Each structure stands twice: as structure tokens, then as C-alpha cells.
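Where a number appears in this text, it was derived from the coordinates with a stated rule and is not lab data. Because the structure is predicted, anything quoted here is derived from the model rather than measured. Positions of Cβ are backbone-derived with ideal geometry, glycine not excepted, and every protein chain shown enters the neighbour counts.
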Amino acid sequence: MTVPSITLNNGVTVPQVGLGVFQVPDDGTQANVEQALERGYRHIDTAAGYYNEDGVGAALRASGLPREELFVTTKLRNGDQGYDSALRAFEDSRRALGLDVVDLYLIHWPVPSKDLYVETWKAFEKLLADGAVRAVGVSNFLPEHLDRLVSESDVVPAVNQIEVHPTFQQLDVQAACRKHGIAVEAYSPLGRGADLEASAVESTASALGVTPAQVVLRWHVQQGTIVIPKSLSAERQAANIDVFSFELNEEQMAAVSGLDSGVAGRTGSDPATADFTQFRA
């Protein structure tokens, strides 16, 4: 399976469909990632706050795939924000993954109540300058966070990974990203499964002879969004990456886009107020 790539604002390319491993236990992560790699995935998204970087690293080594064929993303825990602590935390992630260079490193949440994300970004700029990472970005950043980061730093984030799916599209955040040349990456791209039951999705899937999940992922892809669906099932993993042999027409795209219900569709935390540390109790 050949997956098209998205070119980031610094010229680095990322496979448009990847595998997310949020809430996958570390003792099951290696098998899950190995299974995905066997089905053609070359983009794996993890985070320090998921506590499964070791499993991802083990899968990468066991696969025997050339390093240059793989794209690996991880993220900084909220409780590790700050210049020095971010640098230390990165070394912990790099060691857990068993990588010399991480392809994409993200600030996981802005945590505006702590007001450390600009200072943290300075550490990310150093990691980029030192060649420890190929690209740096953010996750869950709202327009005001992006505007401040761009105005107070030298490097524009390459990616903003945010919750996006048909019933929660965050069009204002997407617009702010694209204004700054920041790629949009969707987590929970299927709305944690709830969006698959929408009549517009089901009818489109029936018309095209594909699954509802494939319809929603294709909707993302046609908008130029990077997506990282999670699945433990080999069959669903294979289907989720097989979204490049069909297209949604304008009417079908509009029908899925019409499902947006604003904040009522949110399934995760609100970045304006989220301030959890992501440390285990």
C-alpha cells in the first residue's frame, strides 16, 4: 500500500495516513504497531503521555524496515513543559523509542494556565537546530496560541494536531493553521466511532461500496488533512489505509461537511482550560 505524503512547511514529508496508539497499553503496542507496519503503515504517532513509546520502539526494530521509510511522531507531556525540562523529556522519549532522530516532536497541549508553551517552544527550536528532530509542531493549539507562538519565536510549527472529525471540525483553528502554513493533523478522525453512524456517512459508504470509516477518512484526505486513526484490528487497519482508490464527489463531501455540530461534537478536552500534567498517579 503506497500512501501519499504531505509536505510540511520545512520541506519534510509525512505519510498522510498514520497509526495512532493513544490508549494502547504498552504491553500490546509492539504487536499492534508491527501489525500495522505489515499492512503498509509507515507513519506512527505516539506520545510520552501515552506511556507506550517503548512498545513503538520495539516494533520499529523488530520490523526490520529501513529507518528512512518510517515517520515517527511523539509528544511532550504537559508536566514537562519549560525549557530545560523539555530538553530532558525529549531525551527520555528518544531513548524509549530507540531513535537517534525523531521525525516530528509536538507540544501536546498549550496549557495556557501555566504559560510555558513559548519557553518550551524555544527548546523545540534548539532540538530542530541540533538535528535531533526533523520537524517540530504543536497539538491542541487554538488560534490565539498559534498567533502568539508565531509572533514570539523564529520557527513556525510544521503541524498542529487537533481533534477533527465530521461533527467537530474546528474550522476556525484549521483556518488559523493554514494562514500560518501549518499542516492540520486530525486525531480522533472518526469521532471515536460516533460519526460513522451518521446517515450522510452511511449512505455515501453504501453508494461507493466502502466502509463508513473509509468515507470519513477519505473526506479528511481530500481536504489535505493528515489523519492518524487508531485500531487494534488488522482488518480495520487495512481498511483505514485503503482510502486512495476512490473519491467523494462534491455532493458527498458537502453532505459529510454538513454534519458539523460545533463544540457539541467535541469528544476530548478543551485546550483553553486543559491543564493536566499527563504524569501517572
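Values for this structure:
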item	result
Charge sum, other residues only, whose C-beta stays under 15 Å from residue 64's C-beta, Lys/Arg counted +1 and Asp/Glu -1	-1
Debye log10 I(q)/I(0) at q = 0.12, 0.15, 0.21, 0.22 Å⁻¹ for the stretch 215-277, Cα point scatterers	-0.44, -0.66, -1.00, -1.04
Where only C-alpha atoms are counted, convex hull volume of the chain per residue in Å³	121 Å³
Potential extension, residue 61-residue 2 segment - 0.36 nm per residue separation minus Cα distance	19.1 nm
FRET efficiency, residue 10 to residue 91 (Cβ-Cβ, R0 22 Å, nearest 0.05)	0.50
Taking the stretch 142-281 and dividing mean pair separation by its residue count, relative contact order in percent (alpha carbons under 8 Å, at least six apart)	27 percent
Mean projected area in nm² (Cα convex hull; one quarter of hull surface) for the stretch 127-213	7.1 nm²
Antiparallel %, DSSP beta bridges [both residues in the chain], to 5	15 percent
Cα centroid separation - the stretch 1-57 against the stretch 93-121, whole Å	17 Å
Taking the chain and dividing mean pair separation by its residue count, relative contact order in percent (alpha carbons under 8 Å, at least six apart)	20 percent
Integer Hz, Karplus 6.51/-1.76/1.60 couplings in order for the stretch 220-230, x for Gly and Pro	4, 4, 5, 8, x, 8, 7, 10, 9, x, 9
The stretch 74-229: relative contact order in percent, alpha carbon pairs under 8 Å with at least 6 residues between	17 percent
Alpha-carbon radius of gyration plus Dmax, which is the widest Cα pair, for the stretch 1-116 in Å	14.3, 43
Local net charge near residue 176, Cβ-Cβ under 10 Å (Lys/Arg +1, Asp/Glu -1)	-1
C-alpha long axis of helix 199-208 to longest principal axis of the chain, angle in °	70 degrees
Spin-label pair residue 69/residue 260, simplified geometry with 7 Å Cα→Cβ offset, distance in nm	3.9 nm
In order through the stretch 13-26: 3J(HN,Hα) via Karplus (6.51 cos²θ - 1.76 cosθ + 1.60), integer Hz, x for Gly, Pro	10, 9, x, 5, 10, x, 10, x, 10, 4, 6, 8, x, 4
Fraction of the pair-distance distribution of the stretch 160-281 above 27 Å, Cα-Cα pairs, percent	18 percent
